[in-house]
Structure formats: structure tokens, C-alpha cells
Amino acid sequence: MSIFSSRRQFLKSLGLAAGAAAAGNALPGKAVEIPAGDHLWESASPAAPRPSGSTYMGGFKAPRLGRIRLAFIGVGGRGFSHLAQMCVMDGVEIVGICDLKEELTKRGVDRVLSRMGKSPLGYSGGDMEYLTMLKELKPDAVIISTDWSSHARIACDSMKHGAHAFVEVPLAVSLEELWSLVDTSEATRKHCMMMENVNYGREELMYLNMVRQGVIGDLLYGEAAYIHELRGQMKQAERGTGSWRTYHYAKRNGNVYPTHGLGPSPALGRAAYAKKNFPADHKWNKLDFACGDMNTSIIKTTMGRTVLVEWDETSPRPYSRLNLIQGTLGTLAGFPTRVAGEKLGNGNYHEWIEGKEKLAPIFEKYDHPLWKRIGPLALKMGGHGGMDFVMLFRIIECLRNGEPMDQNVYEGAFWSSVSELSEYSVAQGGMPQVFPDFTRGDWKTTAPLGIVQ
């Protein structure tokens, strides 16, 4: 029996519920159906050849758009924040807004009218109403900020209707969905970018700049995390993030939100929170939470580097993304920001350079050119310390100038695939899993991100 068949039978014997939340009809306030599945072997199988007529999207340059006709699908908390910031972007015309809730659509329409002087068309009602908007308005680009389970479906439909798709994290929740996004992007020649805002933080951009300049030598190791105590979202039982996200904690056991930063701890924290804060007959007290409170994963790259990824949205622990990158000549770290290295003045490595005063010369010398250019404005605009504004600014700049996106569809797929792969690993007692090669081997000839010259 092949290793792939063995894994398949192993999963069937466990009755494992795969980490693929249905991309069909999940609505806020309703249970998110997590169907059983056994397609683990696909993760290690060779990718099918790229279909004739499809285009590799690494470094892809779409035709320039002098003025971008932009639509929004999902304008609750996150989507409305993006909408508000897009209202001040040059070269943007917001033409359509769609949300399941009529009052949220109206709020978005009113914001655009008050800020831009022109009212976009609003769509609301059924969970497929966005298709009507796509067909009627034919936008150039769409920003998707819906629940996780609908990301892939909406993004694929947007690309098929001629729009570039910009999707909140994660890009999708299953390997099958991720392949559908890759194939659709390649077939339609439309960008599909996961909107990972943390890549645009000042510290992250500076560390990228330092790595590119060889400040810490050859890369060896990294640490990343999303540690954010979010049990309070469970109080959004009928509406809001907690109304759909809580079901993921109940049905899945892995790193369900890996993109900000793979064996789990016991699943205790959310059950205890539900017992303390909700009546005994409340739906949260009837859930059997499967997802461990904390998940730690280790990734080994093709080039031999190791990445530690942690996820914890339950434990009473201060916020952190870890942010550590280590090379042969030094180390850069976050939370708090600190650096060490031969080229940074402390070659003995026994002490960090940290604190605002000592780090000021480091920022002065190595601040990323993008942050130097628009960082001051981004700080005024807000959004996680300005990183949201920088991300949205770059999306518009790349579309208007016909430049490749900073984050392509394959990178979003690799980041997002950690979720389902970690679930398979947990189910097999920590067994390693093989990442699919969403690029079909083309990563070897893809030019590095050209934002630092």
C-alpha cells in the first residue's frame, strides 16, 4: 500500500473531520458546516500540469488601470475599515457594496457618499447576492471580508467575472479550495492576493530591508505567531465574528489561523469560558471543543531553513507575533523590538540592542523605503499602527502602475495551507506533512520581490 493510501485509510479509521469549512452557504449566526474528508494524500501528490492557456502568476503584471472601479463584499468590522480607508485613495471609484445585512450595506454606502460625494450601489439579502453585483457592475477589483468559509467561493466567482480578488486572511480553509483559487487565477489572469497586513508593519518592513542588505548574513531560522486572546468574541453568539468563528474551534484541531505569523495543547479554555459566561443550555456549552488552546508547528523549507509557528487565541497571554529571524551574522526579533549582530555593533551576541533610544539609529539607517515614503501618512490614517493603510495603498499603486502584487496567489496559498496540514499532522500524532507546490515548480525561477532596490 502506498504512503498516500495508508494515510487515507488512517484518516478514515479516525473518522477525521478535515479542516475544510464548507465554501457553500455558511451565514453569520449559523453553524459552519465542517464536512468530513480524507483528501490528505493530495497534499503530497505531484500537481497536475498547468492547463493549456493558463498563466503562471508569479511576477504577473496586469494591464494598468488609470482609475479602479472597486467593489466590496462584506462590510462588517474589517470590511468597513478597509472601505473607510479606500475612500481617501487617489484613483479609486467605489462602485458597489454588498453585505448580508442591509443595515451594514447602507452604512457603507453612506460612508462613501459622505467622503467621496458619489453613492455606490448597495446589495444585500441572500448569500449569493454578490453575484448580482458582479454581473451588473463588472468591477475591476473586489475586496472580500466575509467569514472564512466563503472566501474561496467568492474570490473564484469574482475572478471569473473579470475582477482582481483581494481576500482577507486566510485565503481559504482547505487544500482543495486553495488549488481552485490558484487554477482560477491562472486561467483568468486575475490577481488573487491574500490581504496579510502584518507584512506592511514598520518593524517587519525594516527587517525585510535588513535581510535583503545582508545585515544578518545567510538565513537559518524564523519564529512567527498569532497569540491573541479572543474568547470574548464568543459573546457575539448570534452576529459578528464569534457567531461563525467559534464553530472552527469546535470542529477543527490544528493551527486554524496561521497567516500572521503547528502539536496542540488540550482544548480547555473555551469550554471554561462558555461555562462561566453563558447559561448551561446555551449553544456554546453544548459544543465539544476539539481545537487545542495552543498549537505549535515546525516548518522545514526546501532550502533547509526552519520556521516555528505558534497559534493561540484562547490563553490569557499578552498579544505577540514573536517575529524572529536569525541568520549567520545576527538576529532580529519583535515583541519587544530588539536586534543583535556583528554589523549592528554588538558582535558578542550576549545583549540585545533594544529600547527606543538605542534602536533609533537602527530605524534611521534601515527603515524600509516604502515606510519612509508613506509611513507618516499611514500612522495618521491608522489601522494596526498604519500597516493596513500601507497594504491598501500598495494594492492600488500596483494596479494603477501595472506592477506585480507584493503578495501573489501562491504565497497566500502556502501560508493558508498550514491550517489543514497541521490538522492532518495532529491527527497522526505529529507526523510530518508535505506542502503542495502550488507553483508547479515555477518558484525556482520567480524573481524576488522587487520592492527593495
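The values are calculated or read from the model by the stated rules, or taken from the named source; none is laboratory data. Being a predicted model, the structure only gives us computed values, none of them experimental. Reconstructed Cβ throughout: ideal geometry from the backbone, glycine too, with neighbour counts over all protein chains shown. Quick note on the areas: whole protein, heavy atoms, side chains included, nothing else; ligands and nucleic acids left out. Shrake-Rupley method; radii C 1.70, N 1.55, O 1.52, S 1.80 Å.
Scanning the range 172-189 for residues that are buried (at least 21 other Cβ atoms within 10 Å of the Cβ) and either within 17 Å of Glu420 (Cα to Cα) or hydrophobic (A, V, I, L, M, F, W, C) (or both) returns Ala172, Val173, Ser174, Leu175, Glu177, Leu178, Leu181, Val182.
If you go through the range 49-59 one residue at a time, do you hit one that is closer than 24 Å to Phe389 by Cα and assigned to a strand (DSSP E or B)? Checked the range 49-59: no residue is closer than 24 Å to Phe389 by Cα and assigned to a strand (DSSP E or B). Within the set Met210, Met234, the sole residue that is open to solvent by less than 10 Å² (accessible area, probe 1.4 Å), closer than 19 Å to Asp147 by Cα and part of a helix (DSSP H, G or I) turns out to be Met234.
Look through Glu411, Glu364 and report the one residue that is modelled with pLDDT of 95 or more, closer than 27 Å to Lys190 by Cα and either open to solvent by 60 Å² or more (accessible area, probe 1.4 Å) or polar (S, T, N, Q) (or both). Outline the logic, then answer.
Working: Glu364 fails: closer than 27 Å to Lys190 by Cα.
Exactly one of Glu411, Glu364 is modelled with pLDDT of 95 or more, closer than 27 Å to Lys190 by Cα and either open to solvent by 60 Å² or more (accessible area, probe 1.4 Å) or polar (S, T, N, Q) (or both), namely Glu411.
Taking first residues from the range 151-178 that are in a helix (DSSP H, G or I) and partners that are of a type in the set (Lys, Arg), the Cβ contacts under 7 Å between residues at least 6 apart in sequence or on separate chains come to Met159/Lys190. Just to check your reading of the model, which residue among Ala36, Ala84, Ala26, Ala20 is at pLDDT below 95, of a type in the set (A, V, I, L, M, F, W, C) and either over 22 Å from the mean Cα position of the chain (by Cα) or not in a loop (DSSP other than H, G, I, E, B) (or both)? Going through Ala36, Ala84, Ala26, Ala20 in turn, the sole match is Ala36.
What number of residues within the range 90-112 are in a loop (DSSP other than H, G, I, E, B) and surrounded by fewer than 18 Cβ atoms within 10 Å (Cβ to Cβ)? Working first, answer last.
Pass one, the range 90-112, residues in a loop (DSSP other than H, G, I, E, B): 90-91, 100-101.
Remaining after also requiring surrounded by fewer than 18 Cβ atoms within 10 Å (Cβ to Cβ): 90-91, 101.
Result for the range 90-112: 3.
Pick from Tyr249, Tyr257, Tyr226: which is in a helix (DSSP H, G or I), crowded, with 21+ Cβ neighbours inside 10 Å and of a type outside the set (Val, Ile, Thr)? Spell out the reasoning first.
Details: Tyr257 fails: in a helix (DSSP H, G or I); Tyr226 fails: in a helix (DSSP H, G or I).
When all the criteria are applied, what remains is Tyr249.
Summed over the range 332-360, residues that are part of a helix (DSSP H, G or I) and open to solvent by 80 Å² or more (accessible area, probe 1.4 Å) total 5. Might you let me know whether the range 113-129 holds any residue that is acidic (Asp, Glu), at pLDDT below 95 and either open to solvent by less than 30 Å² (accessible area, probe 1.4 Å) or closer than 19 Å to Glu411 by Cα (or both)? No.
Applying the condition of being part of a loop (DSSP other than H, G, I, E, B) and open to solvent by less than 50 Å² (accessible area, probe 1.4 Å) to the range 312-331 and asking which residue is nearest to Met206 (Cα to Cα) yields Asn323.
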